[in-house]
Amino acid sequence: MSDQSHDIDVLNDLIATTLDSADGYSDAADHAKNPMIADLFKQWAAERRQVVADLRIAVRDLGGQPEDDGTVLASAHRMFMDLRSSMSNDDRAVIDEVERGEDHIKDKYEHALGDEALGPQARAAVQGAHTSVRAGHDEMRALKQSREDR
């Protein structure tokens, strides 16, 4: 690995987490009962896949091999979401799980941004991706709150 191994490791960890998020959104779209919510989840899945593509470019630019898989924890989370949504009559359980996932990914990106050892090139890639992650988090939180107000 190159002398930029720390940066590559951080970016690859974010790639795995963001892949998990994209897969989670796709899974949530499959379970959503409201077509508008399903479409929203599909849009965010596509957005997260674009973030992954951008982070992979950053890893390659640093001389690394980009991550191509998500985490084991995410597959367990999706199974839990499957169970919860099958027991629910509306989209509340799916939205709750998506929002939990958004809290997790937002925390991962904020932790990476707080990493003082992160080089400027990797930091720029994380900051760019964080903008999308933050927007997704905020939109899911708003969606959850709007559903709770009903």
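The values are calculated or read from the model by the stated rules, or taken from the named source; none is laboratory data. Given the structure is predicted, the values throughout are model-derived calculations rather than measurements. Don't worry about glycine lacking a Cβ; one is built from the backbone with ideal geometry, like all the others, and counts go over all protein chains shown.
Just name the residue that is surrounded by the fewest Cβ atoms within 10 Å (Cβ to Cβ) out of those in segment 112-123 that are in contact (Cβ under 8 Å) with a residue 40 or more places away in the chain and farther than 24 Å from Val98 by Cα. Spell out the reasoning first.
Going residue by residue through segment 112-123, those that are in contact (Cβ under 8 Å) with a residue 40 or more places away in the chain are 112, 115, 117-119, 121-122.
Still in the running and farther than 24 Å from Val98 by Cα: 115, 117-119, 121-122.
Numbers: Asp115: 14, Ala117: 8, Leu118: 18, Gly119: 16, Gln121: 14, Ala122: 25.
Per the stated criteria, the residue is Ala117.
Among the candidates Arg123, Arg100, single out the residue that is within 22 Å of Asp30 (Cβ to Cβ), basic (Lys, Arg) and assigned to a helix (DSSP H, G or I).
Arg100
Being outside any helix (DSSP H, G or I) and among the basic types (Lys, Arg) is the filter here, so list the residues in segment 32-52 that pass it.
Lys33
Is segment 67-82 home to any residue that is more than 30 Å from Pro35 (Cα to Cα), surrounded by 15 or more Cβ atoms within 10 Å (Cβ to Cβ) and modelled with pLDDT under 95?
So far as segment 67-82 goes, yes, one or more of its residues are more than 30 Å from Pro35 (Cα to Cα), surrounded by 15 or more Cβ atoms within 10 Å (Cβ to Cβ) and modelled with pLDDT under 95.
Please work out which residue is farthest from Ile57 (Cα to Cα), limiting yourself to segment 109-150 and to residues that are polar (S, T, N, Q) and touching a Leu at 6+ places or on another chain (Cβ under 9 Å).
Gln127
Which of the residues spanning segment 17-66 are of a type in the set (D, E, K, R) and surrounded by fewer than 21 Cβ atoms within 10 Å (Cβ to Cβ)?
Within segment 17-66, Asp23, Asp30, Lys33, Asp39, Lys42, Glu47, Arg49, Asp54, Arg56, Arg60, Asp61 meet the criteria.
Can you name the residue in segment 92-125 that is in contact with a Ser or Thr (Cβ under 7 Å, 6 or more places away or on another chain) and under 17 Å from Asn34 (Cα atoms) and is also modelled with the highest pLDDT among such residues?
Val94
Which of (1) more than 20 Å from Ala29 (Cβ to Cβ); (2) part of a loop (DSSP other than H, G, I, E, B); (3) modelled with pLDDT under 70 is the odd one out, the single condition Asn89 does not satisfy?
So Asn89 meets the others, but not (1).
Here's the yes/no breakdown for (1) without any contact (Cβ under 8 Å) to a residue 60 or more places away in the chain; (2) charged (D, E, K, R); (3) part of a helix (DSSP H, G or I); (4) farther than 17 Å from Arg123 by Cα:
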site: Asp9; (1), (2), (3), (4): yes, yes, yes, no
site: Leu14; (1), (2), (3), (4): no, no, yes, no
site: Thr17; (1), (2), (3), (4): no, no, yes, no
site: Asp20; (1), (2), (3), (4): no, yes, yes, yes
site: Asp23; (1), (2), (3), (4): yes, yes, yes, yes
site: Asp30; (1), (2), (3), (4): yes, yes, yes, yes
site: Leu55; (1), (2), (3), (4): no, no, yes, no
